[in-house]
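The values are calculated or read from the model by the stated rules, or taken from the named source; none is laboratory data. As the structure is a computational prediction, the values presented were derived from the model and not from experiment. Counting neighbours? That spans all protein chains shown, and the Cβs are built from the backbone with ideal geometry, glycine included. For the accessible areas, the whole protein counts, side chains as well, though only heavy atoms, and no ligand, DNA or RNA atoms are used. Shrake-Rupley method; radii C 1.70, N 1.55, O 1.52, S 1.80 Å.
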Amino acid sequence: MNNEPRQNPYEVLGVPQDADARTIKKAYFERVRQNPPETHPDEFRRLREAYELLSDPEARQAFDASAAKPVDGPESANNAHLQEAINLFEAGDKDGGRKVLTTLLTEQPDFHDARLLLGRHFFFEGDFKQALAEYDALLARAPDHWQGHLQRGWALIRLEQLKEAADAFWRAGKHGPSEVGPRVALADCLEAMGQVADSLKVLEQAQALPGVSRMDVLALKVRRIATMLEHGQDADAAKELEKLDAELPQDADPELRRWAGGQLSAAAAHLFAQQKSQGANRLLAFGRRFNPESATEVVYPTRVTLDVDALPAVTREWLHSEAERIGGWRTPTNWLTPAGFTLAFATVTGLMLAHCFLGTAERSVGDWVWCAFFSALFSACTYAVVRYLMRALASPYGTFNTIHPLHLVQVAIDRITVWPLVHLQDLHLVNHQQNGVYKHTALEMKFNGQPVVLNVRGQKTAEGVAQELIARHRRVLELLGRGMLDAESGVEHLPAALLASADQEGHVRARDGIVSWPQLLAAACVGVLLVGVSVWPQMRKVEEYAWTRVAAQPGLSSMLTFLREYPETRFAPQAQARVDAELAQVRARLEARLDANSAAAPSRAFFAGLLDAMSRAHGRRVTVAWEASGDGWKDDPSERLVAAWQHMMDEVLGQGVVVVDGGRGAAREGAPVMTLRVRDMLAPASENNRALRVWAVSQEGLAQGVPAPALELLADAADPRASEVLFHAWVDRWHLPGAGGRRPLLFTASTLAQEVQP
């Protein structure tokens, strides 16, 4: 308690004793501007104490009663005793103050002001039953004492006897017909009992009391509006707010408009305390019309994120001092994490680009699209983390949390997150352990429903932070309710105008932020461009790798496959030369086996044409396509024809030069360079002739002039060796190998049976 002699609050503020609330508030702020707390702490303390006393109607009334000193007579002595008791209470001598009042009441039991003061003393000490006993003793001697009924009602509320408290407030209003206080107290009591409609009705009736001032009427209207918002009657509250705006137009008394704005702020503080943040902000937004000069009676967002570069100099200086006080300076932990992310993303991006440039697998358009997508993604992420690392290294603040007079502030490198304390809800402390060992304490809280968790090492430290948050929360609401928040020290560090400049996402951005979408898009475009640049080198790498692999393999197959897959590559001439060299050797073997004296010598042009087709088409596949016409033929020689032609090609050209199939295999060999078509038909029998089996033979793929004309071959359909006869006729007509010796090249079931006979 302050032991200094009590000063007259009217003299401290320089206002007359009959000054109204707005005059007192105006005088207070004028003197605070002349005596700021930073340079005049003692004078500021006296100004605040005086304003707090005069802004409390009951405390002001008690002071006025104790300060009334007649020139002479018994009342002068009684007031002197009251002042003595008050001085003792303020000095901390509670027993002495009670003794003075008890002695005074023993001598003068009808001195009701002393009884009220003693009851109020017990009330503020938390002894509500003793306070109720004093008020009951007062009312036993003065049943019509309205202040006694009013104080008795407050004591009953603390004792949770709401029905009796409502009756006491009603009686206070009955015996104080022009007093507003009992009506407001009754309305609050009815609201607490759930009788909201009755509470609103009482507040409305109080506006028509005889002699009620215009300021009291405005205060009652604001009280009704706040009650409506608290209980979800938003539409009715909106109508009442519009009426209030109409009563105080722009050309009304400026001081009265500012006072009305202060009342709205006080009602908003009550709603914040009831965790009705939306309604409270609605009142503050409306009150802004009446008091636009206030720096603190503004709408409070739940959270605002600000870039440090967007902060004014005074805010950065405050952050600097807080970092020094708390020890939140840049430490290795502040830059090791972004450095790790930077290294990881840079490595992934580098590997991605290396894969694009140096990969040896052939890629489709879809593969390149995916490469471009991931390159863009990783390039943008790498750019973002690099920028963040650079700013982390340049940040003078590091990472820490601090409590501003109005907000909880979380500092993270070059951004701060501001949580206005008016929204603080549900603060809990949770101790975390690992294997039975204490690790840290989590402060779990909510700001207008949004969860926030602070991890604090040390239980006592965490408890201290929690207590400071709760105390700051209460003080902010108290000062907002009294209209004194503008004078709170430190509010200029985070001006409301700065918080109000946040965008729809709740972010105040600097011109050169950490990273912006255009910058990320540019980084992504660079990644896509690098992938585009890598297409040509990678394709050349694929060709080189494929050529290296093919060049090490002997034979025609790999070379022909390479030429089909990479016809325009720079290695194509070398591959073609290798193919031509291999085919030259085949031609030499062909000349050696089909010399001019052999019966099959005329077929050299046929096989030479086939080799020329292989050189041009870069394939070695020959297809034998057998097709039954009409009702078909029971004997299907397609597989035997394929085997026979494969045997013939191997005999003439050598093993592995040509691959013969039936049109359904060897897809990896490409399109056929020649197709031998055989249409198998049955000619009907005439009267004199037997039925004939007919083969219509043709070839496709060889150049014109090659001696392989279309044929129509005939054989007896009843001959079980008809297919072999037709095949040999085919070979004879085309002058192919096998025309002379007649050794079966087509191994039918009959010839196999002959081969095994002794």
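For the chain, DSSP calls about 80 percent of its internal beta bridges antiparallel. Note on Arg677 and Gln585: the extension gain reaches 30.3 nm, defined as 0.36 nm multiplied by sequence separation minus the Cα-Cα distance. For segment 473-556, the orientation-averaged shadow of the C-alpha convex hull comes to 12.1 nm² (one quarter of the hull surface). A DSSP coil position with no more than 10 other Cβ atoms inside 10 Å describes the following GluC sites (Glu not before Pro) in segment 486-555: Glu505. Placing +1 on each Lys and Arg Cβ and -1 on each Asp and Glu Cβ, with no other charges, gives the chain a dipole about its Cα centre of roughly 2100 debye. Adding -39500 (n - 2.57) for every DSSP H run of four residues or longer, then dividing by how many residues the chain holds, sets the calculated 222 nm ellipticity at -19000 deg cm²/dmol. By the equivalent-ellipsoid construction on the alpha carbon gyration tensor, the chain comes out with semi-axes of 110, 30, 22 Å, ordered largest to smallest. A straight chain from Tyr438 to Lys163 at 0.36 nm per residue would run longer than the Cα-Cα distance by 94.1 nm.
Taking GluC sites (Glu not before Pro) across segment 179-247, none is in a DSSP loop with at most 13 further Cβ atoms lying within 10 angstrom of its Cβ. Each of Ala394, Gly483, Gly181 was placed along the dipole of the chain (beta-carbon charges, centred on the mean Cα), and the one lying farthest toward the positive end is Ala394. Taking the Cα centre of segment 137-212 as origin and assigning +1 to Lys and Arg Cβ atoms and -1 to Asp and Glu Cβ atoms, the resulting dipole is close to 220 debye.
Sites listed here are trypsin sites (Lys or Arg not before Pro) in segment 482-585 whose DSSP assignment is loop and whose Cβ has at most 10 other Cβ atoms within 10 Å: Arg511.
Largest accessible area first, the residues Cys525, Cys381, Cys189 order themselves as Cys525, Cys381, Cys189 under a 1.4 Å probe with ligands, DNA and RNA left out. The heavy atoms of Thr106 present about 110 square angstrom of accessible area, all protein chains included, probe 1.4 Å. Separation of segment 489-545 from segment 460-483 is 39 Å, based on Cα centroids. A Förster distance of 41 Å, applied to the separation of the beta-carbon atoms of Arg289 and Met193, puts the FRET efficiency at 0.75.
Going by accessible surface with a 1.4 Å probe and the largest first, Leu692, Leu218, Leu132 read Leu692, Leu132, Leu218. Here r is the Cβ-Cβ distance between Gln274 and Trp370 and R0 is 51 Å; the resulting FRET efficiency, rounded to 0.05, is 0.40. The simple spin-label model puts a point 7 Å past each Cα toward its Cβ; for Glu107 and Asp95 those points are separated by 2.2 nm. The stretch between His40 and Glu463 holds 149.1 nm of extra length on full extension. This uses 0.36 nm per residue minus the Cα-Cα distance. With all projection directions averaged, the alpha carbon convex hull of segment 394-434 covers 4.5 nm². With the simple model of a label 7 Å out from the Cα in the direction of the Cβ, Glu639 to Ala142 spans 12.6 nm.
Surface composition of the chain: carbon and sulfur make up 54 percent of the accessible area, probe 1.4 Å. Under 18 Å from the Cα of Lys239, which lysines turn up, not counting those fewer than eight places away in the same chain? The qualifying lysines are Lys201, Lys221.
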